[in-house]
Amino acid sequence: MNEPYRIFGQNLHYLIQAYGCGFRQFAKELGIDYSLLKRYMSGRVAPRKKRLEEISSRLGVKPGSLMFDDLVPEILEAENEISSSN
């Protein structure tokens, strides 16, 4: 498996959860088939540039960060801060 694809898949999975909607709903909002979203999240494939930009915009992150940065620790840290302040 290609490392950037794996990182992208993990980031996408966690960010969609943080976004607050289901995976099927997110795919529908993007106008893509749910099976394609699953392939993205599994790290088997990565989106083309235009689709990456659409996904990134919807999730509020930069395309490069979504594709190459390991955002999962940052996401988990932000979630922990939110839950501990409640």
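Of the helices (runs of 4 or more DSSP H) that lie entirely inside the stretch 1-68, those containing 2 or more residues that are open to solvent by 90 Å² or more (accessible area, probe 1.4 Å) span 3-19, 23-30, 34-42, 49-59. Scanning the stretch 1-41 for residues that are of a type in the set (Ser, Thr, Tyr) and modelled with pLDDT of 95 or more turns up Tyr34, Ser35, Tyr40. Within the option set Tyr40, Tyr19, being closer than 24 Å to Pro73 by Cα, touching a residue at least 40 places away in the same chain (Cβ under 8 Å) and of a type in the set (Ser, Thr, Tyr) holds for one residue only, Tyr19. Restricting attention to the stretch 14-38, the residues that are out of contact with any Cys (no Cβ under 8 Å at 6 or more places or on another chain), within 16 Å of Leu52 (Cβ to Cβ) and of a type in the set (D, E, K, R) total 0.
The values are calculated or read from the model by the stated rules, or taken from the named source; none is laboratory data. It should be emphasised that the depicted structure is a prediction, and the values quoted were computed from it without experimental measurement. All Cβ positions, even for glycine, are placed from backbone atoms using ideal geometry, and neighbour counts span all protein chains on display. Accessible surface areas use protein heavy atoms only, side chains included; no ligands, DNA or RNA. Shrake-Rupley method; radii C 1.70, N 1.55, O 1.52, S 1.80 Å.
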